[in-house]
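Notes follow once the structure below has been shown.
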Amino acid sequence: MKFGLFHLTQKRDPALTPKQVYQDLLDRVRLAEDIGMEHSWVAEHHFTDYCLAPSPLTAIAWLVGQTKRMKFAPGILVLPLYDPVRLAQEIAMVDLMADGRLELGIGFGYQEYEFQGFRVPLKDAAARALEVLDVVEGALANGRFAYNGAFYTINDTVMAVRPTKPRLPTYLAGATRHPIFPRRAVKNGYIPFVYNGWSPFDLIVSMRENYDAIAKEEGVDPLSIPMAIERFVYVTDSKADALWAAENFRYTARAARSLRFNYVELDGTTIKDLPAQDDPPLEDIIKNGIIGDAETCAAKIVDEMKRARLSHYGCLIGVGAMDQAKVMRSLERIGAEVMPLVRRAASAKAA
């Protein structure tokens, strides 16, 4: 299993500047590379402090120049919010800058607040995303393309910049209930990228079972279908510290729910901490999450790896108003203690 970081670039504390958020991002990426992580996913969101990365490709172009081995992917590109021709060119350009270390992350989004800002109806998101994906994949693979769809009509167009390879490794986030996207993922070899928030891990297991069923229907070996996960991880030996981390994660999950179900309230650009209908106690967030001492965290990751046949583990860190020094200390412990325990368990299983 490949470890990486999922970056939300969040700013719950109004006193924190965007510039410092980006510096914290860079420091985390550098440390992640030093401890042997292989991947970084940079989220895309707009108009609130929930995430200060409106252009993950821009962030990636910056980060690749300050790292040596780390692979980067948007987590994810909200496809309906892009012009597909411009997006294809920007992907090719960043891929060349990254010397082949760029991967793609795709999805169709879920936040009404964001879509209003781009003047795109959320109800059209999935249909638009499929057309954008058609155009982008055709452009990257062939360099010359035309398209005639319901939303986009493109005359014969030539790409002056071509990527390092015709198809980049691609993660599909969400869309697990969509009638087309998961099937397309199985056929085209995308890596499903899943997330369960504060819900029990059984939710992820059900997603794995759904992909296995689709694979069988398509004549594809289910064992060949990888699966990546975004999971909040915080290593600490202190119960008080664990509760503090769980509270910050709960804020992040609450913010996402308020955006998803369109009841968000803002103080400037900061999302208010509104209780969600299914709010769990902090103790349940710790129980269902990867929060605690190194041995506990490693054992949970190993169990999840087996139950859902995970190929990539994207550790979400530094959410809410978490102190950067504590976040970096937890990340150090993930590398020094958790990852070796997980790999030792995986090696023992393989033997």
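A few points about this structure:
- Residue check for V29: modelled with pLDDT of 95 or more and either buried (at least 19 other Cβ atoms within 10 Å of the Cβ) or touching a Leu at 6+ places or on another chain (Cβ under 6 Å) (or both): yes
- All helices (runs of 4 or more DSSP H) inside the range 103-204 with 1 or more residues being more than 21 Å from P56 (Cα to Cα) and in contact with a Pro (Cβ under 9 Å, 6 or more places away or on another chain): 125-142, 181-188
- Matching residues in the range 38-47 - criterion: being open to solvent by 10 Å² or more (accessible area, probe 1.4 Å) and either assigned to a helix (DSSP H, G or I) or in contact (Cβ under 8 Å) with a residue 40 or more places away in the chain (or both): H45, H46, F47
- Within this structure, R12 fails the test of being open to solvent by 30 Å² or more (accessible area, probe 1.4 Å), touching a strand residue (DSSP E or B) at 6+ places or on another chain (Cβ under 6 Å) and not aromatic (F, W, Y).
- Residue within the range 179-189 that is small (G, A, S) and within 26 Å of Y313 (Cα to Cα) present: yes
- When the range 267-294 is limited to residues that are open to solvent by 50 Å² or more (accessible area, probe 1.4 Å), within 21 Å of Y110 (Cβ to Cβ) and of a type outside the set (S, T, N, Q), the one that is modelled with the lowest pLDDT turns out to be D278.
- Criterion: open to solvent by 20 Å² or more (accessible area, probe 1.4 Å), without any contact (Cβ under 8 Å) to a residue 40 or more places away in the chain and not aliphatic (A, V, I, L, M) - qualifying residue of D241, D202: D202
- Residue pairs meeting the criteria (Cβ under 8 Å; at least 6 apart or on separate chains; first without any contact (Cβ under 8 Å) to a residue 24 or more places away in the chain, in the range 146-171; second surrounded by 11 or more Cβ atoms within 10 Å (Cβ to Cβ) and part of a loop (DSSP other than H, G, I, E, B)): V158/G143
- Selection from the range 144-156 of residues that are at pLDDT 95 or above and open to solvent by less than 40 Å² (accessible area, probe 1.4 Å): G149, Y152, I154
- Total residues in the range 295-351, condition in contact (Cβ under 8 Å) with a residue 12 or more places away in the chain, aliphatic (A, V, I, L, M) and open to solvent by 70 Å² or more (accessible area, probe 1.4 Å): 1
- Residues satisfying the stated conditions in the range 15-25, i.e. open to solvent by less than 80 Å² (accessible area, probe 1.4 Å) and assigned to a loop (DSSP other than H, G, I, E, B): L16, T17
- Candidates A246, A299, A215 - the one that is in a helix (DSSP H, G or I) and closer than 25 Å to F108 by Cβ: A215
- Positions within the range 270-284 being closer than 22 Å to K11 by Cα and in contact with a Leu (Cβ under 9 Å, 6 or more places away or on another chain), in sequence order: I271, K272, L282
The values are calculated or read from the model by the stated rules, or taken from the named source; none is laboratory data. Please read these numbers as outputs of a predicted model, since none were measured by experiment. Don't worry about glycine lacking a Cβ; one is built from the backbone with ideal geometry, like all the others, and counts go over all protein chains shown. All accessible areas refer to the heavy atoms of the entire protein, side chains included, with ligands and DNA or RNA removed. Shrake-Rupley method; radii C 1.70, N 1.55, O 1.52, S 1.80 Å.
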